Amino acid sequence: MRLSGFRAGDRVSIIGAGFMGRLHLALVRTLGAAVAGVVDISDTRLADARSAGANWTAPPDQADEARGEQDVVFVTAGAPGALELALSLCDDGGTVVLYGAFPKELAVGLSPDALHHHEQSIVGVYSHEPEDWRTSAGLIRSGALARDLDLLVTARFALDAVGDAFRLVADTPTYRVLVGGS
């Protein structure tokens, strides 16, 4: 979040509605995004994102209404076409944050002229600094993310039912499954 330049009041899109995309949605909502939208290929994950507070959701081929209007676009799903989509969503002066890993062999064609004239930035984020951990711990401790984090737990199992937990994640799309604890 720190490297994105995000500020309260920004218009944000998140490409990818998996666990990390949903965490980004929770963070930008908590930190004051004016509008937060989510793009994903899964209808189920888009519905989950709407339930979690996304102002709008769309599959990649239907995100046209948000094109050119986003201050920050987080790419949490490093899929082919994601960077190009992110740049198309980004407003002049906006920032695209590459949070999700991309296949090493993937190459994309970019227009340096378009980046220059639209003053767009692309930022890669690979690791977290101590400041990021402190900020995250503070948000968790405050309870501001409690509802969002609870929504990301698909199921809970006692330790003696760990086999059931493994069967669930092997057969069903999940966000996170917890085993043990109370």
Original post:
HN-Hα J couplings of the range 90-106 from phi, Karplus 6.51/-1.76/1.60, θ = phi - 60°, integer Hz, Gly and Pro as x?
Top reply: 6, 6, 4, x, x, 10, 9, 10, 8, 9, x, 6, 9, x, 4, 7, 6
Original post:
What residues of the range 143-159 lie in the reach of a label at Phe19, counting those whose backbone N is under 19 Å from a point 7 Å from the Cα along Cα→Cβ?
Top reply: 145-159
**OP:** Starting from the Cα-Cα distance between Arg2 and Glu69, subtract it from 0.36 nm times their residue separation and give me the gain in nm to one decimal.
**Re:** 22.0 nm
Subject >> 5 angstrom amide H check on Ala33, placed H, neighbours 5+ away >> reply: Gly9
**OP:** For the range 12-27, just list the computed ³J(HN,Hα) in residue order, Karplus coefficients 6.51, -1.76 and 1.60, θ = phi - 60°, integers in Hz, with x standing in for Gly and Pro.
**Re:** 10, 10, 10, 9, x, 10, x, 4, 5, x, 5, 5, 4, 4, 4, 5
**OP:** Starting at the first residue of the range 32-41, write each ³J(HN,Hα) from the Karplus equation 6.51 cos²θ - 1.76 cosθ + 1.60 with θ = phi - 60°, in whole Hz, x for Gly and Pro.
**Re:** x, 4, 5, 9, 10, x, 10, 10, 7, 8
Subject >> Shape category assigned to the range 93-138 from the gyration tensor of Cα positions, a/c cut at 1.5 >> reply: oblate
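No lab work stands behind these numbers, since they all come straight from the coordinates. Predicted model, so just to flag it, every value in this text is computed and none were measured. No Cβ is skipped: glycine too gets one built from the backbone with ideal geometry, and neighbour counts run over all protein chains shown.
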